[in-house]
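Remarks on the structure that follows.
Laboratory data are not the source of any read-out in this text; all were calculated from the coordinates shown. Since the model is a prediction, treat every value here as computed from it, not as a measurement. All Cβ positions, even for glycine, are placed from backbone atoms using ideal geometry, and neighbour counts span all protein chains on display.
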Amino acid sequence: MHTDQLIRSLAADNPHRAPRVGAVLSMALLVAAPLSILIFATFFGVRADVMSAMRNPFFDMKFAVTLSLAIPAIIVSLHLSRPEALLRGWGWLLLLPVGLLAVAIGSEAMMAPAMPMTMRLMGKNSRVCLVAIPAMSLPLLAGALFGLRHGAPSRPALAGALAGLVSAGLAATLYASHCTDDSPLFVATWYTLATALVTAIGALVGSRVLRY
Amino acid sequence: MRGREDEWTGLMRSARAGDDAAYHRLLKAVAPVLRAAARRGLARAGQPPDQAEDIVQEILLAVHLKRHTWDSEAPFAPWLFAIGRNKLIDALRRRGKRVFVNIDDFAETLPGEAAQETASAGEVAAQLGTLPQRQRDVLQSIAVEAASIKDTAAKLSMSEGAVRVALHRGLAALTGKLRDH
């Protein structure tokens with residue numbers, strides 16, 4: 001086909017309007033969320049002592065950490081869905097949860113320890129954590145990848161990793177209400193490991209499905 | 001260069017506002033620049049330049065289907081060249097070549113180079129044959145026979161809406177096939 005002919009057909013299709021990537025990503029996450037919540041409600045559920053736990057600042061801190069991962073990850077993934085976008089200037093947003101965790105670990109270290117450090121770090125739920133966060137992430141990861149497919153990322157693996165961070169951050173927010181380990185040391189260790197796993201899956205799948 | 005790129009941005013804004021003719025002019029204006037860059041990329045990879053047109057058409061399709069990711073407050077050229085680079089890298093990889101795409105391949109088109117003739121390419125035409133009948137007929141009518149949406153609808157006994165849907169789906173399907181084949 002002659003290029004002028006192709007151009008003619010593209011011009012004829014100009015009236016077609018695609019929704020914005022942010023709109024598609026939001027819809028896809030909203031569709032996926034009930035599945036993750038179903039997994040949460042079926043296998044995990046909110047911890048029994050949630051009312052008293054809410055008076056513990058380290059319990060609340062878990063949500064601050066997980067949401068400070070999920071929300072910036074959504075923002076950065078939308079930024080990277082533009083082909084000319086660079087991570088530079090935006091990547092620092094992804095350090096927010098790291099900073100929050102550092103502050104939390106510091107404040108816990110200054111308090112009289114309720115438990116020895118190794119017990120706080122190992123907790124009682126490390127294995128559950130490593131299974132629960134990835135399991136609840138999967139529907140959200142599929143949704144995030146579907147949404148980002150609507151974009152045009154120049155680095156599909158990186159965009160896929162961001163989809164992994166989005167889904168892990170949201171799944172960890174659910175999981176935080178189940179887990180009875182509130183020490184920032186536990187969160188920094190096991191949540192991070194689970195998130196790294198989901199991020200790696202996202203990068204791997206993204207490198208295939210996010211090419212446009 | 002500046003003036004040319006500002007003009008592109010203006011045309012793309014008009015296109016988004018619904019001016020199909022401006023969009024047509026824009027695509028005609030960028031095609032020679034993309035062609036020159038594709039030839040340079042192929043030359044660097046030790047490939048014959050006659051494949052450049054396939055790459056140009058693939059870039060144009062991607063530009064078309066991803067144009068909603070362009071921010072109308074941003075200049076158009078960096079967005080266009082980013083897509084061009086990505087598609088050129090993909091195309092060279094598919095040909096099993098080690099890829100050296102110069103970051104300036106797209107940005108630094110010499111004015112003389114841009115005056116090359118347009119050409120025909122085989123890949124889009126070949127994939128066109130694999131589309132469902134309806135989409136193929138509509139694309140054939142609008143692209144090759146230069147018929148309007150209205151005339152195409154009358155000729156194929158379809159509604160104009162159905163022609164528009166078939167046209168868009170056809171273009172999207174072509175893009176997918178070019179990417180995955």
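Dividing the alpha-carbon radius of gyration of chain B by the rule-of-thumb value 2.2 N^0.38 Å gives 1.06. Here's how it looks for A:HIS2: its modeled amide H is under 5 Å from those of B:ALA121, which are all 5 or more places away or on a different chain. Rounded to a whole number of µm²/s, how large is the Stokes-Einstein D of the protein assembly as shown at 25 °C and 0.890 mPa s, given Rh as the Kirkwood radius over C-alpha pairs? Here the translational diffusion coefficient equals 105 µm²/s.
When the protein assembly as shown is described by a simple charge dipole with +1 on each Lys and Arg Cβ and -1 on each Asp and Glu Cβ, the residue from A:PRO113, A:LEU145, A:LEU78 located farthest towards its positive end is A:PRO113. Annotation: average projected area of the stretch A:1-82 is 9.2 square nanometres, based on the convex hull of Cα atoms across all directions.
Structure remark: mean-square fluctuation, Gaussian network model of chain B, C-alpha springs under 10 Å; the largest value among B:GLY41, B:GLY96, B:GLY84 belongs to B:GLY96. How high is the relative contact order of chain A, in percent, counting Cα pairs under 8 Å that sit 6 or more residues apart? Relative contact order for chain A comes out at 32 percent. Inter-chain neighbour count for B:65-74: the average number of beta-carbon atoms from partner chains within 10 Å of each residue's beta-carbon is 6. Classify the stretch A:18-133 as rounded, prolate or oblate, taking a ≥ b ≥ c as the square roots of the eigenvalues of its Cα gyration tensor: rounded when a/c is under 1.5, otherwise prolate if a/b is larger than b/c and oblate if not. It is oblate, given that a/c is not under 1.5 and a/b is not larger than b/c.
The mean number of Cβ atoms from other chains found within 10 Å of a Cβ in peptide B:137-147 is 4, as a whole number. Look at the Cα gyration tensor of chain A: its axes a ≥ b ≥ c give a/c of at least 1.5 with a/b over b/c, and that counts as prolate. Between the helical axis of A:156-176 and the longest alpha-carbon principal axis of chain A there is an angle of about 40 degrees. Here the Gaussian network model covers chain A, with springs between Cα atoms less than 10 Å apart; of A:LEU140, A:LEU69, A:LEU197, A:LEU197 fluctuates the most. Which angle between 0 and 90 degrees, to the nearest 10, do you get for helix A:21-39 versus the longest principal axis of chain A when only C-alpha atoms count? In chain A, helix A:21-39 runs at an angle near 40 degrees to the longest axis. Across peptide B:123-130, the mean count of Cβ atoms from other chains lying within 10 Å of each residue's own Cβ comes to 2.
Judged by the mean number of other Cβ atoms found within 10 Å, the most tightly packed of the peptides B:57-70, A:39-52 leads the ranking B:57-70, A:39-52. Computed from Cα positions, the angle between helix A:96-110 and the longest principal axis of chain A comes to roughly 10 degrees. Structure remark: mean-square fluctuation, Gaussian network model of chain A, C-alpha springs under 10 Å; the largest value among A:ALA157, A:ALA12, A:ALA85 belongs to A:ALA12.
Per-residue ellipticity at 222 nm computed for chain B from its helices equals -20500 deg cm²/dmol, with DSSP H segments shorter than 4 residues left out and the rest contributing -39,500 (n - 2.57).
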